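Working notes, structure below.
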Amino acid sequence: MTDLQLSLFGIGGTLVVGLFAYNRWQEYKARKTVDTAFGDGDDDVLLKSDQTEVRQEPSLDEPADQQPARQKKAEAVSAPEVNAPVATDGDADIPEDGNGDAEEIAAPAVQPAVKKDLPVDELIDCVVPLEFDHPVKGEKILQELHDLRYVGKKPVHFIGITADGDKDLISVAHAYTTVLAGIRTVSRSGPLNELEYSEFVMKLRAAADNLGAHPDVPDMSRVINNARELQQFVAEHDAQLSVNVITTGAPWALHTLLAALEKMGFDQRPDGRLMMPDGDGGSLFTLSLNTEVSDTQTVKLTLLLDVPCVTPARDAFGAMTACAKSLAARLNGVVVDDGHHRIPDTSLEEIAQQVQEFYAAMEEAQIPAGSPRALRLFS
């Protein structure tokens, strides 16, 4: 073996050792970056977690004048106005007017009944009434309609009307004079079509015959036209907004990053995305790691807001951008759009204003963002 060959072998070995050491150093930097970003040194309200494991959702605190209407309503109900003195014992005096007659004691105002959220909605469903000559037990109705839950990809729901006129989900404990059958006319998969409507009517007529009911089936052309018009609304308002955080240094180690994201309040879904809960069992926004199953590192995080599915009171876009900025600051990253261009604060403010206009348009159409009606329609 010549001196040249020995020299080449020596250089090759040095390169291999150097490359191995460089890779180990990069992995060490990735772990340190995430560990430092989510360490306990700084008191960040976005990432703080105490021993009681109370989740701190990003930017979800609302000023008093923007709190959800349901909270204000609850406060009103809990402190009703008192219009008359209340007797404390049997000998309490009753106030009299100038003629010596007892004044009439005003009864407290009766609170209006809370409207039930029923799964059959005339605005977004094709509703077919099934009327009975005599009340029919709920148990018999449920048995007959048990298998009619979907037609194609369109869900089918039923509610019953009792002899007293009460509408509710069908129960074995009651009897009903009318059943309202509703099939969703629109979803994100598209509008109800002629084939689906024909199948729905055919199955419904068969069930009506077995129950002795009289179905009032609407005209197909009218139903299909309504479905197409509603589909246009869905297409125009099916907005999803995203922001990304990309690293400006070493990649982030997934095992450390996942633990830190879960600590700050994210829940991991079966599809791999992380979800920030809204506090009521729903989703505020989601976060994708942009990785494959075999990956151990990532260089990009994507936060996504499904705009029509979150109520405006939660300011989900503000919460999402605040979370993205905090992640960028902590992880040595930068907030960018899908083209990896930095997003300035002025652009985020403009988008926030457009989101408010979007919410106003949905409210005007009687499909408020985040409402049960919107959640059904944008599914």
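The values are calculated or read from the model by the stated rules, or taken from the named source; none is laboratory data. Computed from a predicted structure; not experimentally measured. With ideal geometry, Cβ positions are generated from the backbone for all residues, glycine too; neighbour counts draw on all protein chains shown. Protein only, heavy atoms only, side chains kept; ligands, DNA and RNA dropped before computing areas. Shrake-Rupley method; radii C 1.70, N 1.55, O 1.52, S 1.80 Å.
Cα centroids of segment 195-227 and segment 280-318: how far apart, whole angstrom?
Here the answer is 40 Å between Cα centres.
Please list the non-local residues whose amide H lies under 5 Å from the amide H of Asp168, H modeled 1.01 Å from N, same-chain partners needing a gap of 5 or more.
HN-HN under 5 Å from Asp168: Gly160.
If you take every residue apart from Leu130 with its C-beta less than 11 Å away from the C-beta of Leu130, what net charge results, scoring Lys and Arg +1 and Asp and Glu -1?
Taking every other residue near Leu130 into account, the sum is -3.
Long-range amide H contacts for Leu284: which residues qualify at under 5 Å (H placed 1.01 Å from N, peptide plane, sequence gap of 5 or more or a different chain)?
Met276, Asp278
Quick one: with all protein chains in place, what share of the accessible area of segment 189-289 is carbon or sulfur, to the nearest percent (1.4 Å probe)?
Its accessible area is 49 percent carbon and sulfur atoms.
In segment 233-302, what GluC sites (Glu not before Pro) fall in a loop by DSSP, with at most 14 other Cβ atoms inside 10 Å?
In loop regions of segment 233-302 (DSSP not H, G, I, E or B), the sparsely surrounded GluC sites (Glu not before Pro) are Glu292.
Using a simple charge model, +1 on the beta-carbon of Lys and Arg, -1 on the beta-carbon of Asp and Glu, nothing else, what dipole does segment 225-280 show about its Cα centre, in debye to the nearest 20?
260 debye
Could you bin all the Cα-Cα distances of segment 198-323 into 5 Å bins starting at 0 and give me the percent of pairs in each, rounded to whole numbers?
All Cα pairs considered, the percentages come to 2, 8, 14, 15, 11, 9, 7, 8, 8, 7, 5, 3, 1, 0, 0.
Given the convex hull over the Cα atoms of segment 165-230, what projected area results after averaging over all orientations, in nm²?
5.7 nm²
Dipole size in debye (nearest 20) for segment 261-379 around its Cα centre, Lys and Arg Cβ +1, Asp and Glu Cβ -1?
The dipole magnitude comes to about 300 debye.
Explain nothing, just compute: Karplus ³J(HN,Hα) = 6.51 cos²θ - 1.76 cosθ + 1.60, θ = phi - 60°, for every residue of segment 296-304 in order, whole Hz, x for Gly and Pro.
Coupling constants for segment 296-304: 10, 9, 9, 10, 8, 10, 10, 9, 10 Hz.
Among Lys116/Lys263; Lys154/Lys300; Lys116/Lys137, which pairs are too far apart, with a Cα-Cα distance over 25 Å?
Lys116/Lys263; Lys154/Lys300
If you place +1 on the Cβ of every Lys and Arg, -1 on the Cβ of every Asp and Glu, and leave all else neutral, what size is the dipole of segment 324-379 about its Cα centre, to the nearest 20 Debye?
360 debye
Which Cα, out of His214, Pro191, Val245, lies furthest along the positive dipole direction of segment 182-245 (beta carbon charges, K/R +1, D/E -1)?
Val245
For segment 153-199, which trypsin sites (Lys or Arg not before Pro) pass both filters: DSSP loop (anything but H, G, I, E, B) and at most 13 other C-beta atoms within 10 Å?
Of the trypsin sites (Lys or Arg not before Pro), the ones in loops of segment 153-199 whose Cβ has at most 13 other Cβ atoms within 10 Å are Lys153, Arg188.
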